[in-house]
Amino acid sequence: MSAIQFAKAAIAQRGKASTEDILTAELRFGFWTSLLDSRYEIMWPKIIADVFPRMATRIDRFPLLYSGGTKQFDATAENILNSN
């Protein structure tokens, strides 16, 4: 059973309608993190503006999606955490 099917079944079991908002909220964290897997690396640059219309326009602020490495991400995360 896919993550989406699992979420829809859980919603139906509670007797609720499976709206986009409820389905989105029902999907587990693993579903969302799997979308950042290297299998989808080529997909994101093409669709990111449509998927996240209110996202910052400078995509280079998200090096994890484009650098292929975690060192740059770790440094960015550390800068964010220490910016106060």
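Every number in this text was worked out from the coordinates using simple rules, so none of it is lab data. Everything numeric in this text was worked out from a predicted model, so none of it was measured. Ideal geometry is used to build each Cβ from the backbone, glycine not excepted, and the neighbour counts take in all protein chains shown.
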The residue that is surrounded by the fewest Cβ atoms within 10 Å (Cβ to Cβ), considering only those in the range 13-25 that are part of a loop (DSSP other than H, G, I, E, B) and not charged (D, E, K, R), is G15
For the range 1-24, the count of residues that are over 21 Å from L35 (Cβ atoms) and of a type in the set (K, R) equals 2
Log entry, pairs with first residue in the range 5-29 being free of Cβ contacts under 8 Å to residues at least 40 places away in the same chain and over 23 Å from V51 (Cα atoms), second being assigned to a loop (DSSP other than H, G, I, E, B) and aliphatic (A, V, I, L, M), beta carbons closer than 9 Å, six or more apart or on different chains, reads A9/M1; I11/A17
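Sort out which residues of the range 26-48 are out of contact with any helix residue (DSSP H, G or I) (no Cβ under 9 Å at 6 or more places or on another chain) and surrounded by 10 or more Cβ atoms within 10 Å (Cβ to Cβ), and write them in order of number.
First, the residues of the range 26-48 that are out of contact with any helix residue (DSSP H, G or I) (no Cβ under 9 Å at 6 or more places or on another chain): 29, 32-33, 37-39, 42-43, 46-47.
Those that are out of contact with any helix residue (DSSP H, G or I) (no Cβ under 9 Å at 6 or more places or on another chain) and surrounded by 10 or more Cβ atoms within 10 Å (Cβ to Cβ): W32, M43, I47.
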